[in-house]
Amino acid sequence: MRYAYTAVFTPEKNGLYSVTFPDLQGCYTSGDDISDAIYMAQDVLNLTLYDLEQDRKPIPKASKPQDIKTTGEQFTSVIAVDTDTYRRFYENKSVKKTLTIPMWLNELAEQANVNFSGVLQSALKEILQVQK
């Protein structure tokens, strides 16, 4: 799923930035500079939303950027993430599946040195229209 939430960036001492997401409880991070803070904001937003999806908890509605209030030197930026991409990157571990195929097909595939896991993965990606 694709999401976009407004982050509040607060300049700290020594060029550091803290980042919070007012719409998401417990979703905050920091960065050594603005570039690092944006990168870290994307990471923590992905992780927070991924965890909510995994736990089947409701995803809070994102506020409009203009509705997020800031003070002093704070500023906002919309951070966009894709939890499907995040999931594929971090959940790339293998799982064992048991399946049944006709004996004649198994023998032909073994003679041709077919990688059964590779064939199944390719077929599933094609059927599910997954690009990777």
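The values are calculated or read from the model by the stated rules, or taken from the named source; none is laboratory data. This is a predicted model, so every value here is computed, not measured. Cβ: placed from backbone, ideal geometry, glycine included. Neighbour counts: every protein chain shown. Side chains are part of the model used for accessible areas, which takes the heavy atoms of the whole protein and leaves out ligands, DNA and RNA. Shrake-Rupley method; radii C 1.70, N 1.55, O 1.52, S 1.80 Å.
Descriptive notes on the structure:
- Shape class of the stretch 3-70 from the Cα gyration tensor (axes a ≥ b ≥ c, square roots of the eigenvalues): oblate, since a/c reaches 1.5 or more and a/b does not exceed b/c.
- Theoretical gain in end-to-end length, E12 to D32 [0.36 nm per residue, Cα-Cα removed]: 6.2 nm
- Interchain or long-range residues, amide H under 5 Å from Q74's placed H: none
- Order by protection proxy (mean Cβ within 10 Å, highest first), peptides 68-77, 101-110, 48-57, 32-41: 32-41, 48-57, 68-77, 101-110
- Restricting the stretch 93-129 to trypsin sites (Lys or Arg not before Pro) in coil, as DSSP defines it, with at most 16 other Cβ within 10 Å: K93, K96, K97
- Average accessible surface area per residue within the chain, 1.4 Å rolling probe, Å²: 76 Å²
- Accessible-area composition of the stretch 64-120, carbon plus sulfur, in percent [1.4 Å probe]: 54 percent
- The apolar share of the surface of the stretch 10-49, taken as the fraction of accessible area on carbon and sulfur atoms (1.4 Å probe, ligands and nucleic acids excluded), comes to 50 percent.
- Diagonalising the gyration tensor over the Cα atoms of the chain and scaling each eigenvalue by 5 before taking the square root yields semi-axes of 45, 15, 11 Å, largest first.
- Per-residue accessible area (protein heavy atoms, 1.4 Å probe) orders T20, T6, T100 as T100, T20, T6, starting from the largest.
- Taking every C-alpha pair closer than 8 Å and separated by at least 6 residues, the mean separation divided by the residue count of the chain gives a relative contact order of 26 percent.
- Highest-MSF residue in the chain out of N113, N92, N14 [GNM, Cα springs under 10 Å]: N113
- Mean shadow area of the stretch 38-100, taken as a quarter of the surface of its Cα convex hull (nm²): 6.5 nm²
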